[in-house]
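One structure is given below, encoded as C-alpha cells.
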Amino acid sequence: AISIFSTCPVGLIGDDVHQVAREMKEKLGINVFAFSCEGYKGVSQSAGHHIANNGIFTHVVGLDDTDRGGEFKINLLGEYNIGGDGFEIDRILKKCGITNIATFSGNSTYDQFASANQADLSCVMCHRSINYVADMLEKRFGIPWIKVNFIGAHATAKSLRKIAQYFGDKMLS
C-alpha cells in the first residue's frame, strides 16, 4: 500500500493528492490512498491524527481476513509508542497470552491495521484522542471496547485484570 500525506506546501499549492492516489491505485493495482491534513492540523496535531485514523479505518481496516492466531485478541487504541513503551506493553500482553492485533496508531503495519477487524476487544488507553475509532470498530465489526491504562505497575495490573474479566473463564482454563 501507499499512503500520501499532504504537507503544508501541498495545501498551499492546492495539489489534488486524492486524485493522484486514485490514478496510482488504478495504475499500480495496489491500495493507494491520501490524507488531507496539511501540517497535521489542530492543537498538538490532533485534527491531523483524527484525519489519518479515519483514513486508515476507511481504506485499510477489514481488508485482511488472514487468521492472526491467538485465543484472546485485542486492539490497543491510543498507544503512540513515543518512548518505546508500546514494545513493553506488547511484551507484557504476550506473556499473558493476549494477542495485540493492531495498535492505533503506534508502530502498526499495514497488515496489522487491515486485520484489526479480527480483534475480540478494543482497549482504549487515551480515551479523549481515539475513542471514536473504538466506536467505529464497534459499529462496523461488533468489537466492544474498554478503557485501560498501562502507565505504572498498579494501573497495568488493573488493566490486565479488566481484560481478563472481559474474556472470563476462557482465560483461566
Result for the chain: accessible area per residue, probe 1.4 angstrom, in square angstrom, of 55 Å²
18 Å Cα-Cα reach of K73 towards aspartates and glutamates, excluding residues that sit fewer than 8 places from it in its own chain: D64, D65, E88, D90, D111, D120, D135, E138, D169
Under Karplus coefficients 6.51, -1.76 and 1.60, residue-wise ³J(HN,Hα) of region 148-162 in Hz, glycine/proline x: 9, 8, 10, 9, x, 5, 5, 5, 5, 4, 4, 5, 4, 5, 4
With +1 on the Cβ of every Lys and Arg and -1 on the Cβ of every Asp and Glu, the dipole magnitude of the chain about its Cα centre, in debye rounded to the nearest 20, is 560 debye
Averaged across orientations, what area in nm² does the convex hull of the alpha carbons in the chain project? 10.9 nm²
Under 5 Å from the placed amide H of N149, counting only residues 5+ away or on other chains, we find S159
Report the residue, chosen from I98, I13, I130, that carries the largest GNM mean-square fluctuation when the chain is represented by alpha-carbon nodes joined by springs under 10 Å. I13
From Cα pairs below 8 angstrom and at least 6 apart in sequence, can you work out the relative contact order of region 16-173, rounded to a whole percent? 18 percent
Round to the nearest 10 and give me the degree value, 0 to 90, for the angle of helix 46-59's Cα axis relative to the longest principal axis of the chain. 90 degrees
Which of M136, N53, S122 sits farthest toward the positive end of the charge dipole of the chain, with +1 on the Cβ of Lys and Arg and -1 on the Cβ of Asp and Glu? S122
With 26 Å as the limit, write out which pairs from K95/K162; K25/K139; K94/K162; K25/K94 have Cα-Cα distances beyond it, or answer none. K25/K139; K25/K94
A 1.4 Å probe over the protein heavy atoms gives the chain a carbon and sulfur accessible-area percentage of 55 percent
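The values are calculated or read from the model by the stated rules, or taken from the named source; none is laboratory data. Owing to the predicted nature of the structure, the values given are computational and were not obtained by experimental measurement. Ideal geometry is used to build each Cβ from the backbone, glycine not excepted, and the neighbour counts take in all protein chains shown. Just the protein is used for accessible areas: all its heavy atoms, side chains included, with ligands, DNA and RNA removed. Shrake-Rupley method; radii C 1.70, N 1.55, O 1.52, S 1.80 Å.
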